[in-house]
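Have a look at the structure below, then the notes.
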Amino acid sequence: MNQSKIDRARAWLRSTPGAISGQGGHPATFAVATALVHGFELSRSDAEVLLTEYNSKCVPPWNANEL
């Protein structure tokens with residue numbers, strides 16, 4: 001685990017609006033997941049942890065299977 005990558009990604013997520021159903025929620029969440037894995041180069045497991053944190057800002061939140 002590279003903590004500096006995780007810290008940078010977490011800081012970015014704080015400024016990233018949560019996805020909203022009916023307002024492009026699917027593409028927004030996919031873009032966040034893609035950025036975590038490809039942009040920040042996080043492992044799948046680290047990205048999943050941060051995506052779960054991001055999910056708390058989504059309306060409504062995604063269930064675990066959807067993420």
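Here the chain is assigned +1 on the Cβ of each Lys and Arg and -1 on the Cβ of each Asp and Glu. Its dipole about the Cα centre then comes out at about 160 debye.
Would you mind calculating the relative contact order of the chain from Cα pairs under 8 angstrom and at least 6 residues apart, reporting the percent as a whole number?
41
Taking a Cβ cut-off of under 14 Å around Ser45, the surrounding Lys, Arg, Asp and Glu residues balance to a net charge of -2, with basic ones at +1 and acidic ones at -1.
Calculated translational diffusion coefficient of the chain (25 °C, 0.890 mPa s; Stokes-Einstein with Kirkwood radius over alpha-carbon pairs) equals 208 µm²/s.
Any read-out appearing in this document is the output of simple, stated calculations on the displayed coordinates, not a laboratory observation. Everything numeric in this text was worked out from a predicted model, so none of it was measured. With ideal geometry, Cβ positions are generated from the backbone for all residues, glycine too; neighbour counts draw on all protein chains shown.
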